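Let me begin by presenting the structure, written as structure tokens, before commenting on it.
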């Protein structure tokens, strides 16, 4: 918000938001090397999944053969790190 107030330019705001997202992705890769691929993919899907009508994260949208038991630690890591998913409902 401050960026927009300072510049009155939505392109600069978007560039700032994208830079923040890149930093989150670098942190994900840095701190959980074992699960970084899954965590990164889940992180990328969060906005579209939670914007959907049912407000649930549908594993099939991540991977047709995904099983929650294999991805649970990735969801937990994102939640505990405060990156996303304060409450998640996974199908």
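The values are calculated or read from the model by the stated rules, or taken from the named source; none is laboratory data. Predicted model only: the values in this text are computed from it and were never measured. As a convention, Cβ positions derive from the backbone with ideal geometry for all residues, glycine included, and neighbour counts pool all protein chains shown.
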Filtered residues of segment 28-68 (kept if within 29 Å of residue 2 (Cβ to Cβ) and more than 12 Å from the chain's Cα centre (by Cα))
29, 30, 31, 51
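Given the structure, is residue 87 out of contact with any strand residue (DSSP E or B) (no Cβ under 9 Å at 6 or more places or on another chain), surrounded by 14 or more Cβ atoms within 10 Å (Cβ to Cβ), modelled with pLDDT under 80 and in a loop (DSSP other than H, G, I, E, B)? Quick ask: steps written out before the conclusion?
Working: out of contact with any strand residue (DSSP E or B) (no Cβ under 9 Å at 6 or more places or on another chain): yes; surrounded by 14 or more Cβ atoms within 10 Å (Cβ to Cβ): no; modelled with pLDDT under 80: yes; in a loop (DSSP other than H, G, I, E, B): yes.
Against the criterion (out of contact with any strand residue (DSSP E or B) (no Cβ under 9 Å at 6 or more places or on another chain), surrounded by 14 or more Cβ atoms within 10 Å (Cβ to Cβ), modelled with pLDDT under 80 and in a loop (DSSP other than H, G, I, E, B)), residue 87 does not qualify.
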Which members of segment 60-70 meet the condition of being out of contact with any strand residue (DSSP E or B) (no Cβ under 6 Å at 6 or more places or on another chain) and part of a helix (DSSP H, G or I)?
60, 61, 69, 70
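Please go through segment 41-58 and give me each residue that is part of a helix (DSSP H, G or I) and closer than 12 Å to residue 75 by Cβ, ordered by number. Walk me through how you get there before you give the answer.
Taking segment 41-58 as the starting set, the residues that turn out to be part of a helix (DSSP H, G or I) are 41-51.
Hits for segment 41-58 are 41, 42, 43, 45, 46, 49.
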Restricting to segment 29-39, name every residue that is assigned to a helix (DSSP H, G or I) and surrounded by 16 or more Cβ atoms within 10 Å (Cβ to Cβ).
36, 38, 39
